1. Name the one entry in 306, 325 that is out of contact with any His (no Cβ under 8 Å at 6 or more places or on another chain), basic (Lys, Arg), open to solvent by 20 Å² or more (accessible area, probe 1.4 Å) and in a helix (DSSP H, G or I).
2. Anything in region 122-142 that is within 18 Å of the chain's Cα centre (by Cα) and among the aliphatic types (A, V, I, L, M)? List them, or say none.
3. With at pLDDT 90 or above and either more than 21 Å from residue 410 (Cα to Cα) or of a type in the set (Val, Ile, Thr) (or both) as the only criterion, which of 490, 485 stands out?
4. Look through region 248-268, keep the residues that are without any contact (Cβ under 8 Å) to a residue 40 or more places away in the chain and either touching a strand residue (DSSP E or B) at 6+ places or on another chain (Cβ under 9 Å) or aliphatic (A, V, I, L, M) (or both), and return whichever of them is farthest from residue 170 (Cα to Cα).
5. Failed condition for residue 354, given (1) on the phi < 0 side of the Ramachandran plot; (2) open to solvent by less than 30 Å² (accessible area, probe 1.4 Å); (3) among the small types (Gly, Ala, Ser), with all others met?
6. With 4, 70, 29, 62 as the choices, which residue is closer than 24 Å to residue 161 by Cα and either surrounded by fewer than 20 Cβ atoms within 10 Å (Cβ to Cβ) or modelled with pLDDT of 65 or more (or both)?
Amino acid sequence: MSRPAVPGFFRHLLLLWGLRFDIGLNQGPGKSRLLAVGAFLASSAPGVFFGLFFFGLMRLGPVARSDVWPYFILNLLCFVTFSVWVTWPLLSAGVDDHSELSRYAAFPISPFRLLIASTVASLFEPRALVFYAPLTGAALGFASVNRLWAPWLAVVLYALFALLCAAWSRVALYAVINVLREKRSAEIMGGGLLAFLVAASFIPPIDTSWLTAVGTEGVDALDMSLIINAAVALGRVPPGFFGDGLGQLAWFRPRVAMAEAVGLLFFAALGMGVAYALLMRFHRQAGRAGPQSKDSQDGNPFARTRTRFSTLVTREALDLWRNPRARLLASVPFILAILLKLLSGRDLFVFLLGASADTWLMGGLCIYGAVVIASTFSQNTFAYDGQGFAAFLAAPLNLAEVLHAKNRVQAAAALGMAVLVALFYRVYFGFGTWVDIACALAAVVGVLPILLAAGNFLSLYFPVKFHANLKRRDKVPLTASMLGIIAASIGCMPFGWTLKLAGKDGPTWQSAMMIALCAGLYLAIYRASLPLALRLLDRRREAILQAVTRE
């Protein structure tokens, strides 16, 4: 019998796209493919508006006629797009995108070729279409008002830039999952956060005095040498090779543009090599069992629980505490706060929002910390503890107690996270009043019931398998992610509306009371929806068990 031919690269690409679409659809009986396609289009829709906005901006008369602004905008968008791509695994705790190697272990596909196909496939996901939209619109707008020497070379530059971003995003992703796989991941991340905080304290803040000049005298008061130097500096780093390459083509310097294309290719290949090394290290480590130790009676946290419900709460709290993804999520708001101070971002918000700036910033960081903790685990509440749901079904207990315990622990973790972020903001920035803290925490109390209510139903209808050792983990379906985003948006509306009414004068205690009243309404909605969720849990217990234990 002759050996079957190995599929080609594009066949591998189609396999990966099909796999990701099936995961996004959570394919099975009763699942609507039309709903998955609609969710894909809806999640990609913001990219259309971003692209059109920057396309129009580049064609705007003052920008199009300028010798500086088009290149500054292009290079800045290149840097921002690259930065967002690379930091996205950290910002979203996206540790789900490494599963293809284990899924295709039995297929005749080399790991490196699979990595390349997986990286290319990631460029056509909804988030990629949104991330690249501003730069795409700006590049098309630039090309529409400037004659390029070779448009085909501009397309090559764009493709190489996209590959550069995807490759180094994989480096960040695989570095994160290698850290999470370590036994002392909490200490590593805590030490890294402390080192980042110390290093950031030695970096001088960015001068934002020009904001005052612009605010009083207009853009004409801006020192253009600052913009010119920034455009040149951004064009000299690898992500800026694309923007600078377009400029070289507009100046009819094809050799320089080709050299920058070679530079993009080199750094993209370097990123792929580093990503491959990190991925192979992860899979070698994932196959090894760590040393096991016996828990003594004194170290057993369940020895002192008096009731079955308190035992369930303790178990859920320990599972959440030991979860590698929870550790990653807990560090994100603090990293964002450090970056915000390092880039003097607060000054920009004060310029735009006046006395409401600290409320917006503190509330935004607190809500973000609470949302990523609550939504990540509440939307997959029966599977984030591995095979825990199977143990619950075999135990002589009511599943209603299990759901109550999970909701209570998830809410407590999210609220505790918000309190820590608020205190960190007040101490680290040195700004923020009691009113700001009250508004921020009231907003968190308001968003949590909506997130938990939505998470309960999403966990019932979109359960996905979870591998606690991070060797492989299914993605939450795209439809579930979109519904979760909608629920979080609804929960945040009272905070946004209240601060919009407060304007630049800043919130008052009446503002905090308005947010608290809305939080009470959301809590009533959660309590009213809970009995229905419990009834559905009894009906769908077998379907959930089959989904979270499948191979």
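The values are calculated or read from the model by the stated rules, or taken from the named source; none is laboratory data. Since this is a predicted model, take the numbers as computed values, not measurements. Ideal geometry is used to build each Cβ from the backbone, glycine not excepted, and the neighbour counts take in all protein chains shown. Accessible surface areas use protein heavy atoms only, side chains included; no ligands, DNA or RNA. Shrake-Rupley method; radii C 1.70, N 1.55, O 1.52, S 1.80 Å.
1. Result: 325 is the single residue among 306, 325 that is out of contact with any His (no Cβ under 8 Å at 6 or more places or on another chain), basic (Lys, Arg), open to solvent by 20 Å² or more (accessible area, probe 1.4 Å) and in a helix (DSSP H, G or I).
2. Once the filter is applied, which keeps residues that are within 18 Å of the chain's Cα centre (by Cα) and among the aliphatic types (A, V, I, L, M), region 122-142 yields 123, 128, 129, 130, 133.
3. Values: 485 fails: at pLDDT 90 or above.
After applying the criteria, what remains is 490.
4. So the residue we want is 256.
5. In the conditions (1) on the phi < 0 side of the Ramachandran plot; (2) open to solvent by less than 30 Å² (accessible area, probe 1.4 Å); (3) among the small types (Gly, Ala, Ser), residue 354 misses (1) alone.
6. Values: 4 fails: closer than 24 Å to residue 161 by Cα; 29 fails: closer than 24 Å to residue 161 by Cα; 62 fails: closer than 24 Å to residue 161 by Cα.
Result of the check over 4, 70, 29, 62: 70.
Rundown of residues vs (1) out of contact with any Cys (no Cβ under 6 Å at 6 or more places or on another chain); (2) part of a loop (DSSP other than H, G, I, E, B); (3) surrounded by fewer than 20 Cβ atoms within 10 Å (Cβ to Cβ); (4) of a type outside the set (Phe, Trp, Tyr), yes/no style:
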| residue | (1), (2), (3), (4) |
| --- | --- |
| 129 | yes, no, no, yes |
| 132 | yes, no, no, no |
| 138 | yes, no, no, yes |
| 153 | yes, no, yes, yes |
| 158 | yes, no, yes, no |
| 161 | yes, no, no, no |
| 172 | yes, no, yes, yes |
| 183 | yes, yes, yes, yes |
| 190 | yes, no, yes, yes |
